[in-house]
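A.B. asks: Provided herewith is a single structure, encoded as structure tokens, for subsequent inquiry.
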Amino acid sequence: MQNRTLIIAGMHRSGTSLITHWLNECGLHLGESFLGPGLGNTEGHYEDIEFLKLHEEILSDNKLPSTGLTEAHNIELSLYHKEKLKSVIKVKNKLYQQWGWKDPRTCLFLDTYKELIPDARYLIIIRDYKAVVSSLLRRDFQGFEKKYMSRSYLKRLYWIKYQRKGRLRELYTQWAEHYLKVWIAYNEEILKNVQNLPKHAYVMLNYSMLKSNDESVCSYLNKRWNLSLKYFKFREVFKEKLISEQVDTDSYIFNKSLTSQADQLQKSLDNYMMLM
């Protein structure tokens, strides 16, 4: 029987960890070892360590940030990197009839995975750019603020009363446009990929769809791709309180052509969204 491989792809802070957590509970094998909880993701990332480390290595060897928060396209993979990926895929196929993985950096290598796993299926998670950029900015500031809040009472008070607001504005101004460019780069890769895939090979959705349609989505994935998922309630993994309050990102993005480009890209992606 042919292996069934599911590639979960989506920009950072788009809900990929949440949906991968849910799929893991539904019984899909998604890795032997996961990246654990971290800043802004207290429930865990559910990223397969093997793919994560390989992606980080490829990015570092290309002198790009290992976080994957880059605007780069057409990232070069050496023969060495490809052979390592092939080796991991071969072992997974030997051990598991149905399996998959999630790592946002996967979006940067979709062309490579299409070549290495031609029969893979793609679960693509989309979130609008305002929510994604907002979430990235808030996570950055949370990490920055943490060091101040560990200081003495008087220093914490001084930070809160006199420094916090200005530093927040400075950090948001510094990074908002960069993160929007990253969102555009990732989603351009996603759009290019789905435009070159047969319709039966992908499903595109927003995590919010699962709040009221989780059972239907689970059944749909089973029927569409012959998976053997057991239904698990999405609300058991979804925690509304962990969704951060949205920042007004537009006030920190001065190049309005970027927002126009992002809006147009979002509209193009919406044409491929799963309808329930």
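A.B. asks: Restricting things to Cα coordinates, could you compute the convex hull volume per residue of the chain in Å³?
C.D. replies: Expressed per residue, the convex hull around the Cα atoms of the chain is 139 Å³.
A.B. asks: Under the definition of Cα pairs under 8 Å and six or more residues apart, what whole-number percent is the relative contact order of the chain?
C.D. replies: So the answer I get is 28 percent.
A.B. asks: Also, I was wondering about something else. May I ask you to order 228-239, 170-181 by the average number of other C-beta atoms within 10 Å around their residues, highest value first?
C.D. replies: Ranking, from highest mean packing down: 170-181, 228-239.
A.B. asks: Quick check: residue separation of Asn62 and Phe144 times 0.36 nm, minus the Cα distance between them. What number comes out in nm?
C.D. replies: Roughly 26.8 nm would be gained on extension.
A.B. asks: About the Cα centre of region 4-270, how large is the charge dipole given +1 on each Lys and Arg Cβ and -1 on each Asp and Glu Cβ? Please answer in debye to the nearest 20.
C.D. replies: Result for region 4-270 is approximately 720 debye, rounded to the nearest 20.
A.B. asks: Fully extended, how many nm does the chain gain between Glu215 and Leu79 (0.36 nm per residue separation, minus their Cα-Cα distance)?
C.D. replies: Going from the current span to full extension adds 44.8 nm.
A.B. asks: Using the Cβ atoms and a cut-off under 13 Å, what net charge is assigned to the surroundings of Leu54, where Lys and Arg are +1 and Asp and Glu are -1?
C.D. replies: Summing Lys/Arg as +1 and Asp/Glu as -1 gives -2.
A.B. asks: Another question about this same structure. Determine the alpha carbon to alpha carbon distance for each of Lys94/Lys114; Lys53/Lys130; Lys53/Lys102; Lys114/Lys211 and list only those over 24 Å.
C.D. replies: Violating the 24 Å Cα-Cα cut-off are Lys53/Lys130; Lys114/Lys211.
A.B. asks: Oh, and also: Report, for the chain, the % of DSSP beta bridges that are antiparallel, rounded to 5.
C.D. replies: Here the share of antiparallel DSSP bridges comes out near 10 percent.
A.B. asks: Next question, about the same structure. Lys/Arg Cβ at +1, Asp/Glu Cβ at -1, dipole of the chain taken about the Cα centre: which of Leu110, Ser152, Tyr46 is farthest positive-ward?
C.D. replies: It is Ser152, whose Cα lies furthest towards the positive end.
A.B. asks: Contour minus end-to-end for Leu157 and Leu95, with contour as 0.36 nm per residue of separation and end-to-end as the Cα-Cα distance?
C.D. replies: Full extension from Leu157 to Leu95 adds 16.8 nm.
A.B. asks: Right, another one. Quick one: which residues, 5+ away or cross-chain, put their amide H under 5 Å from the amide H of Trp101? H built at 1.01 Å from N.
C.D. replies: Leu6, Ile8
A.B. asks: I want the local charge near Gly68. Using Cβ-Cβ distances under 9 Å, sum +1 for each Lys or Arg and -1 for each Asp or Glu among the other residues.
C.D. replies: -1
Each reported figure results from applying straightforward, stated rules to the coordinates on display, with no laboratory input. Remember, predicted model here, so these are calculated numbers, not experimental data. So basically every Cβ, Gly included, is an ideal-geometry build from the backbone, and we count neighbours across all protein chains shown.
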